[in-house]
2 protein chains.
Amino acid sequence: MNARESALLRARSQRQAALERLQDLLRIPSISTFSDHKPRMLEAAGWLQQRLEEIGLEAVEIMPTEGHPIVFGQWLHAGSEAPTVLYYGHYDVQPADPLELWTNEPFEPVIRGDDILARGASDMKGQVCAFLEAVEAMTQTSGLPVNLKVMLEGEEELGSPHLAAFMARHKDLLACDVCVNGDSAILAPDLPSIVYGLRGLAYFEIRVQAAAQDLHSGGFGGVVDNPALVLARLLADMRDESGRITLPGFYDDVRPLSVEERAELAAVPLDDAWWLKTTGAPALFGEAGYSTIERAVARPTLDVCGFASGFVGEGMKTVLPARAMAKVSMRLVADQTAERVEESLRAYLQERAPDTVTWELERLGSARPVIVERDSAPVAAAMRALQYVWGRKPVLTRLGYTVPVVSMVQEMLGVDSLMLGFGLTDDRQHAPDEKFHLPNFYRGIETYIHFVYELVADASDEA
Amino acid sequence: MNARESALLRARSQRQAALERLQDLLRIPSISTFSDHKPRMLEAAGWLQQRLEEIGLEAVEIMPTEGHPIVFGQWLHAGSEAPTVLYYGHYDVQPADPLELWTNEPFEPVIRGDDILARGASDMKGQVCAFLEAVEAMTQTSGLPVNLKVMLEGEEELGSPHLAAFMARHKDLLACDVCVNGDSAILAPDLPSIVYGLRGLAYFEIRVQAAAQDLHSGGFGGVVDNPALVLARLLADMRDESGRITLPGFYDDVRPLSVEERAELAAVPLDDAWWLKTTGAPALFGEAGYSTIERAVARPTLDVCGFASGFVGEGMKTVLPARAMAKVSMRLVADQTAERVEESLRAYLQERAPDTVTWELERLGSARPVIVERDSAPVAAAMRALQYVWGRKPVLTRLGYTVPVVSMVQEMLGVDSLMLGFGLTDDRQHAPDEKFHLPNFYRGIETYIHFVYELVADASDEA
């Protein structure tokens, strides 16, 4: 039995323990955006520190940033000929609200059919745990055939505000030949895929104020403007009836899809019936002239993520609100930048906002869109690994999601990232009842093992 | 010294005690819309029951309704020749949020200059207390020259949902010659006025849903519609650039302002600089073709009182919300009805809402607009009473506010209401730092005394 087979057998024998470890991590509510959750963030970091030591990594450390810390560990004894892999993951999760829409406690994982339900199950504690299980399966058998560095971040859900500075400070520590980023998904449970494109993000808050304070709508309705109506008008006019975004110059930097890419996306086996079923929406909607999958992964979008104004509690309050606020996220595609779309948005507001209100625009976060090299050795190794486990040729595709770290890694460390994760598009990431498909958890562990062995020379595979 | 003078002297000697009693009542957070505040509503009702007994009323009782109870008391010993006055007031108040914008605790009244600041000070515990002080001044001196019934409601801020049924059940108990409604205001501290017109109200909640649950905006942005953007479009298009409401048929039932009324309103000494200063808005806005005061009191309006969708907390959450909700209030003028404007709104939504969402429309409350008889004996008596106290001829005007009970009283008891109250337009009713002008509190007490004596024959005035 060769080293790879030993590791695979070991991983299979550990499935129950692996599941229990995943449940342990899911129980920690590591919500990075709530400042009062800092102790729970440290608890999650501590759990991971212990786990990295347990699986045989060295120099394991909880390293400070300006925000939540980064957990790091490494194992560098595969020899200078062997490649060095940097694994990236994050241990923070999105808030769980609206809590009332969960069918179970978001931080008390339950298993329902083939799924495990909990906040962070798919995004991305499930993937982090799968990778660490794969490492353990190798370190507990024949040892790792590659040099490995593991970097687990606590601020991905915030747009990784301190990661670039961290990488700049620790360039030598993080130096590597390739980055494996597990924050990814495959197209369907039985359809393996590799992501070569990711959308970027520009996230804004727009605040509008009319009167200096809330007023009685009886006494002042008709006298001063209504900031919720003004903001509603501004937001509504940001797109036209065909779903096209109207901000001036918004599409100027968009790289058109090639014929080949459109053909690949057309082959993705997710038809409109699947999207309707997955979302539960009465109809699909998006930019005219593009297929659903194209709109989902390869075209830029503008969405209102939140809108708040006035009284929204139980019953009636006849108030003319002083203020209205909206959170607006734009998904960007190559070669758009957050700076340029912010200029578009600001120009639009300057031109359109009436003088009956004052307004403010703040960018809360951003990330560049990413297109990675499709013909590299790591991509080829991952294609073969996926084919071993699924018995089927994987598809090259894009994802609509944003993984800011991918562009940062390219910029700070000079390497491409291989997106190799096992979420599913309908995992309800960022939403109530987030889930992770357990068969993919186990297949993911095996895929990571195969990938590492495929990455090194055939010789070392037959130890 | 005649009876009237004795009562006035007594009232003047009681000013400090009157102020302390007002403060006591203001300390009770009688917010009718919060179901968990029921005990505080009962506390306020109990306080008033005791106060009615203290000032000499009989048959004082806390009377149940389907919602919050009504406090009732009477004194019927002025003889069958004397008129019977029904006083209406309410003891419930609006919620105090947003709490962070108050400069003091909303239910711990403070005196700042000439004003007392607290939730409910102007709307309308200040007015209720002023009337009860006037009654006490008379009962503690020569006795009341009129028969009096006092009805204090606990659900005015909810649109008086159970008052009509209560009046229908107790028609004999409430039978009267005229109703005095203290829930009113004068135009400026030194400009007494009587309100002959009130706007009506139709208050709606509109709920829009796209996906079945919140989605990740990365995975689904561009695929399904955004309910916040859909609702923003629907709301924004409810009015045009000139501030005119676009709902089909919305203006069909509006009674045009007469030349005389427009001249009276033009004489109201509130210029645009005053409205700008009072509201703190950068500019005024409203329906083109009408003056600011016309828009404030005599034209219908449509306002968003609240808008909620998605994530509006600290930081970023890249969610594509499933739902959006808005509370919309319309101020109506004669001869509009809530039923007809609801038809307009429903027709608009049916025509305009896209099939990418489902929607619901619910009417949360309504009240008919009111125009009262300007040449009646009670109006004449009130005009003279105001002239005594202010030394100046009062102005006949309209108010933009809604007092649903006025139309109910007309319908159920067959009498007109005299709007005689002492709030000010800039009292920040329903808003943070609500205030009541204390000089008007004391002048209000004396005005009520004069009014009662003016209402009865001159003979009885010279006891």
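From (1) among the acidic types (Asp, Glu); (2) within 11 Å of chain B (Cβ to nearest Cβ); (3) more than 21 Å from residue A:227 (Cβ to Cβ), pick out the condition that doesn't hold for residue A:355.
Against the list (1) among the acidic types (Asp, Glu); (2) within 11 Å of chain B (Cβ to nearest Cβ); (3) more than 21 Å from residue A:227 (Cβ to Cβ), residue A:355 comes up short only on (3).
Do any helices (runs of 4 or more DSSP H) lying entirely in segment A:362-463 carry at least 2 residues that are hydrophobic (A, V, I, L, M, F, W, C) and under 26 Å from residue A:271 (Cβ atoms), and which ones are they?
A:377-390
Contact list please: Cβ distance under 7 Å, first residue in segment B:269-288 and more than 10 Å from every other protein chain (Cβ to nearest Cβ), second residue part of a loop (DSSP other than H, G, I, E, B) and among the polar types (S, T, N, Q), pairs at least six apart or on different chains.
From residues that are more than 10 Å from every other protein chain (Cβ to nearest Cβ), the pairs are B:288/B:242.
Have a look at A:413, A:399 and point out the one that is in contact (Cβ under 8 Å) with a residue 24 or more places away in the chain and crowded, with 24+ Cβ neighbours inside 10 Å. Explain how you work it out, then say what you get.
Values: A:413 fails: crowded, with 24+ Cβ neighbours inside 10 Å.
Of A:413, A:399, the one residue that is in contact (Cβ under 8 Å) with a residue 24 or more places away in the chain and crowded, with 24+ Cβ neighbours inside 10 Å is A:399.
What residue, among those in segment B:199-226 that are more than 7 Å from chain A (Cβ to nearest Cβ) and touching a Phe, Trp or Tyr at 6+ places or on another chain (Cβ under 7 Å), is surrounded by the most Cβ atoms within 10 Å (Cβ to Cβ)?
B:208
Taking into account only those residues within segment B:128-183 that are under 15 Å from residue B:11 (Cβ atoms) and among the polar types (S, T, N, Q), which is nearest to the other protein chains (Cβ to nearest Cβ)?
Among them, the one singled out is B:139.
Could you grab me the full set of residues in segment B:251-295 that are polar (S, T, N, Q) and in contact with a Phe, Trp or Tyr (Cβ under 7 Å, 6 or more places away or on another chain)?
Filtering segment B:251-295 down to residues polar (S, T, N, Q) leaves B:258, B:278-279, B:291-292.
The answer is B:279, B:292.
Rundown of residues vs (1) under 23 Å from residue B:260 (Cβ atoms); (2) of a type in the set (A, V, I, L, M, F, W, C); (3) in contact with an Asp or Glu (Cβ under 6 Å, 6 or more places away or on another chain); (4) buried (at least 19 other Cβ atoms within 10 Å of the Cβ), yes/no style:
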residue	(1), (2), (3), (4)
B:403	no, yes, yes, yes
B:424	no, yes, no, yes
B:430	no, no, no, yes
B:445	no, yes, yes, yes
B:450	no, no, no, yes
B:455	no, yes, no, yes
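Those residues that are buried (at least 22 other Cβ atoms within 10 Å of the Cβ) and part of a helix (DSSP H, G or I), I need them from segment A:132-152; list them, please.
A:132, A:133, A:134, A:135, A:136, A:137, A:138 - these are the residues of segment A:132-152 that are buried (at least 22 other Cβ atoms within 10 Å of the Cβ) and part of a helix (DSSP H, G or I).
Might you let me know whether segment A:379-387 holds any residue that is farther than 30 Å from residue A:205 by Cβ, basic (Lys, Arg), surrounded by fewer than 21 Cβ atoms within 10 Å (Cβ to Cβ) and at pLDDT 90 or above? Walk me through how you get there before you give the answer.
Of all residues in segment A:379-387, those farther than 30 Å from residue A:205 by Cβ come to A:379-387.
Pick out the ones that are also basic (Lys, Arg) and you get A:384.
Cutting the leftovers down to surrounded by fewer than 21 Cβ atoms within 10 Å (Cβ to Cβ) gives us A:384.
Of the ones still in play, those that are also at pLDDT 90 or above are A:384.
Scanning segment A:379-387 turns up at least one residue that is farther than 30 Å from residue A:205 by Cβ, basic (Lys, Arg), surrounded by fewer than 21 Cβ atoms within 10 Å (Cβ to Cβ) and at pLDDT 90 or above.
Quick one: count up the residues across segment B:227-263 that are buried (at least 17 other Cβ atoms within 10 Å of the Cβ) and outside any loop (DSSP other than H, G, I, E, B).
Number satisfying all stated conditions: 13.
Being within 23 Å of the chain's Cα centre (by Cα), within 30 Å of residue A:316 (Cα to Cα), assigned to a helix (DSSP H, G or I) and not polar (S, T, N, Q) is true for just one of B:19, B:25. Which residue is that?
Details: B:19 fails: within 30 Å of residue A:316 (Cα to Cα).
Testing whether each residue is within 23 Å of the chain's Cα centre (by Cα), within 30 Å of residue A:316 (Cα to Cα), assigned to a helix (DSSP H, G or I) and not polar (S, T, N, Q) leaves just B:25.
Answer yes or no as to whether residue A:317 is within 7 Å of chain B (Cβ to nearest Cβ) and not in a strand (DSSP E or B).
Yes.
In the list B:106, B:83, B:69, which residue meets the criterion of being touching a helix residue (DSSP H, G or I) at 6+ places or on another chain (Cβ under 8 Å), within 14 Å of chain A (Cβ to nearest Cβ) and not acidic (Asp, Glu)?
Of B:106, B:83, B:69, the one residue that is touching a helix residue (DSSP H, G or I) at 6+ places or on another chain (Cβ under 8 Å), within 14 Å of chain A (Cβ to nearest Cβ) and not acidic (Asp, Glu) is B:106.
Show me the strands (runs of 3 or more DSSP E) entirely contained within segment A:39-115 in which 2 or more residues are in contact (Cβ under 8 Å) with a residue 40 or more places away in the chain and crowded, with 21+ Cβ neighbours inside 10 Å.
A:70-75, A:84-90
Please verify whether residue B:263 is within 8 Å of chain A (Cβ to nearest Cβ) and without any contact (Cβ under 8 Å) to a residue 40 or more places away in the chain, treating the condition exactly as stated.
Judged against the criteria, residue B:263 is not a match.
Any idea which of (1) over 30 Å from residue B:440 (Cβ atoms); (2) more than 8 Å from chain A (Cβ to nearest Cβ); (3) surrounded by fewer than 23 Cβ atoms within 10 Å (Cβ to Cβ) is the one residue B:189 doesn't satisfy?
Failing condition for residue B:189: (1).
The values are calculated or read from the model by the stated rules, or taken from the named source; none is laboratory data. Remember, predicted model here, so these are calculated numbers, not experimental data. Every residue, glycine among them, receives a Cβ derived from its backbone with ideal geometry; neighbour counts consider all protein chains shown.
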